[in-house]
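See structure below.
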Amino acid sequence: MRIDSARSDQLQEWESELSAQYQRICQHELSLDLTRGKPSADQLHLSDGLDGILNGDYRAADGTDTRNYGGLEGLQCARELGADILQVPTEEVMAAGNSSLTLMYHAVLTGYLFGFAGNTPWREMKSPKFLCPVPGYDRHFSICEQLGIGMVNVPMTATGPDMDAVEEQIRGDSEIIGIWCVPKFSNPTGVTYDKETVDRLAQLGQFANPGFRIFWDNAYAIHDLEHQVNLPGIREATHENDTGDSVLQFASTSKVTHAGAGLAFVSASEANLASLKKQMQAMTIGPDKVNQLRHSRFFGEFTLLREHMQKHAQILNPKFECVQSQLEKAFADTDLGTWEEPKGGYFVSFNTRPGCAAAVIQLAADAGVKLTPAGATFPYGKDPEDRNIRIAPSFPPLEELDTAMSVFVLCVKLASVRKQLGML
Ligand SMILES: Cc1ncc(COP(=O)(O)O)c(C=O)c1O
């Protein structure tokens with residue numbers, strides 16, 4: 001099916017065939033969900049051994065009684081786990097709380113209210129802004145929106161954010177004080193940043209506002225599917241460029257153990273950690289060290305964590321293959337859409353023809369298949385071309401995913417034909 005070269009009688013014929021198919025599917029009264037990237041129950045079971053693992057022994061190897069207050073930076077063994085995941089020295093890691101998103105929120109708040117490392121608080125600027133590679137992660141954008149921090153779109157490419165655009169924005173506006181990055185298996189495009197991108201990001205601190213920070217959200221650091229993919233180290237790159245203060249790194253075990261009941265980590269320079277701790281110590285006496293010890297006992301060594309992630313991959317692989325094969329079968333020789341083939345992470349990003357994404361999502365919803373809302377992958381929920389749809393294959397069982405993808409594919413075809421006929 002090629003829309004651009006189709007005559008109008010051909011389009012009419014397709015429209016009535018596809019509409020008939022769509023009506024038949026609607027009669028099935030499906031109730032399927034391809035929205036949030038949550039681990040499936042099978043994945044959660046992989047970590048059920050956390051329950052009861054302490055068996056009454058609450059002392060960490062360094063003698064800490066984890067049942068009591070204290071230790072803002074987290075247990076040493078939990079910090080080591082974070083250091084392994086982020087590939088940074090343990091002393092540069094805090095293990096704090098159960099959610100990296102919460103840590104990112106606190107980090108933005110720290111920059112906004114107090115400023116990092118003695119720099120001007122962002123709230124004192126006329127118009128502080130973050131660069132947002134798009135499509136991106138909606139919850140990053142919500143943090144900025146809630147605090148009234150402006151957002152500037154920069155396009156994602158196959159190797160990371162468009163660095164010419166990033167540099168141009170920063171050179172032209174001294175009130176750009178941050179950039180959101182999901183550097184490995186990016187949400188939603190699945191892209192892993194290449195060495196040149198990481199190097200150029202590491203150089204931004206040389207000419208950006210001194211309060212500028214890269215928010216390096218490495219949520220999928222160890223979430224490889226078939227093969228391990230290497231992400232060049234941002235820490236090393238910033239050290240080579242004398243810009244060590246310009247980056248804050250984040251990770252968690254949300255999609256490693258139990259989502260929402262895992263560990264979260266932040267890694268940064270001494271000066272940045274001091275700023276963060278100053279804000280956090282007014283807020284908490286310390287993290288849940290019992291859970292930190294549980295995680296540390298469960299994994300013991302990093303190799304066990306890697307083996308654990310391979311079990312996740314075995315569950316996720318067939319689901320990602322299902323999505324790819326449905327898209328390939330339906331759209332390989334068409335002009336109806338383009339998509340990514342991620343090597344890890346939780347998402348597949350699909351671009352429809354311009355002006356069709358919202359219609360696809362509505363058609364799918366009416367047929368009983370929930371997709372992430374149109375525009376969600378852009379700041380303020382506005383996809384300027386109305387093209388991007390984020391598919392999250394992890395949660396539904398394979399059979400349901402396959403059915404949901406058949407509905408998705410049909411909705412893309414129908415919306416594309418209707419758009420071309422001027423029916424949308
Ligand atoms: C890029 C990214 N960062 C952060 C999170 C949330 O992580 P956490 O559960 O540690 O708050 C997600 C969850 O989907 C994500 O995709």
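The values are calculated or read from the model by the stated rules, or taken from the named source; none is laboratory data. Here the structure is a predicted model, which is why all the values come from computation and not from measurement. In this analysis, Cβ positions are derived from the backbone assuming ideal geometry, glycine residues included, and neighbour counts consider all displayed protein chains. Ligands, DNA and RNA are stripped out before the accessible areas are found, and what is left, the full protein with its side chains, is counted by its heavy atoms. Shrake-Rupley method; radii C 1.70, N 1.55, O 1.52, S 1.80 Å.
In the stretch 320-350, how many residues are away from the ligand (no atom under 16 Å from the Cβ) and in contact with a Pro (Cβ under 6 Å, 6 or more places away or on another chain)? Total meeting the criteria: 1.
Consider ASP84 carefully, then state whether it is closer than 21 Å to TRP216 by Cβ and either touching a Leu at 6+ places or on another chain (Cβ under 8 Å) or within 16 Å of the ligand (Cβ to nearest atom) (or both). So ASP84 fits the description; yes. Looking only at the stretch 13-35, filter to residues that are surrounded by 13 or more Cβ atoms within 10 Å (Cβ to Cβ) and outside any helix (DSSP H, G or I); which one of those is farthest from the ligand (Cβ to nearest atom)? Residue satisfying both the conditions and the ranking: LEU30. Selection of first residues in the stretch 94-113 that are assigned by TED's automatic domain parsing to the domain that holds VAL182 and open to solvent by 10 Å² or more (accessible area, probe 1.4 Å) and of second residues that are within 9 Å of the ligand (Cβ to nearest atom) and in a helix (DSSP H, G or I), restricted to Cβ pairs under 6 Å at least 6 apart or on distinct chains, gives the following pairs, ordered by first then second residue: LEU101/ARG139. Among residues of the stretch 118-145 being out of contact with any strand residue (DSSP E or B) (no Cβ under 8 Å at 6 or more places or on another chain) and among the charged types (D, E, K, R), the one that is most open to solvent (accessible area, probe 1.4 Å) is LYS126.
Among the residues making up the stretch 408-424, a single one is open to solvent by 50 Å² or more (accessible area, probe 1.4 Å) and either without any contact (Cβ under 8 Å) to a residue 60 or more places away in the chain or touching a Ser or Thr at 6+ places or on another chain (Cβ under 8 Å) (or both): GLY422. If the condition is being open to solvent by less than 10 Å² (accessible area, probe 1.4 Å) and more than 16 Å from the ligand (Cβ to nearest atom), then the stretch 248-272 contributes ALA268, ASN272.
Pick from the stretch 204-244 the residues that are of a type in the set (S, T, N, Q) and away from the ligand (no atom under 16 Å from the Cβ): which of them is surrounded by the most Cβ atoms within 10 Å (Cβ to Cβ)? Selected residue: THR238. Among the residues of the stretch 36-46 satisfying the criterion of being surrounded by fewer than 17 Cβ atoms within 10 Å (Cβ to Cβ) and of a type in the set (A, V, I, L, M, F, W, C), which is farthest from SER416 (Cα to Cα)? Looking at residues that are surrounded by fewer than 17 Cβ atoms within 10 Å (Cβ to Cβ) and of a type in the set (A, V, I, L, M, F, W, C), I get LEU44.
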